[in-house]
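A quick write-up on the structure given underneath.
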Amino acid sequence: MIPADKLVKLPDHITYEQGAVLMLKGLTVWYLLHKTFKVEPGHRVLIHAAAGGIGLLACQWAKALGAHVIGTVGSRRRPTSRSPMAATTSSSTTRKILSRGSNRSAATNSAMCVYDGVGKTTFPGSLSCLRPAACS
C-alpha cells in the first residue's frame, strides 16, 4: 500500500504515461535549476534545445525564477513560439549567440549558466559563454 501523501492526482485529461513523463521531466528540470546550479533572479541562462520537452520546461521555470533566458533550437522546423518564456530563441543564429559569448556582447553580456543537452556541436560555443570560476 502506498501512503496517500506520496500520490499525485492526475487531471482526467492526462494519461498515466503522460503523468509519468511530466514527473520525470519536472524532476530533471528541478534538479538542473536548483541543485546543478541554483538559478536566481538576474542570472543569465542559456538553454539549448529550448523547443524540446526538457528545454521548454526549463525555459519557463528559469524565467519564473527571474532569470534572463536565452533559448536555442536546432532546426528551423522547430517553431520558436514553443519557447515563449525565452527572451531570445533562435534556430538560425545559434552559432552567433554562442560566438558572442566569448565577447560578452549584448546577448551574453555577463557570465551565464549554460544547460547544454545537445553536446558535440554546441559544447565549444557553450564553453565560451562561461567565465572561469575562482577556486580557493
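Here, each number is a calculation from the coordinates, and none is a lab measurement. Computed from a predicted structure; not experimentally measured. Positions of Cβ are generated from backbone atoms using ideal geometry, with glycine treated the same way; all protein chains shown enter the neighbour counts.
At-a-glance table
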{"read-out": "Segment 1-25-segment 42-75 distance, computed between alpha-carbon centres (Å)", "value": "25"}
{"read-out": "Full-extension gain in nm, LEU24 to LYS6, via 0.36 nm per residue minus C-alpha separation", "value": "5.0 nm"}
{"read-out": "Ordering of 40-49, 15-24, 53-62 by burial proxy (mean other Cβ atoms within 10 Å per residue, highest first)", "value": "53-62, 40-49, 15-24"}
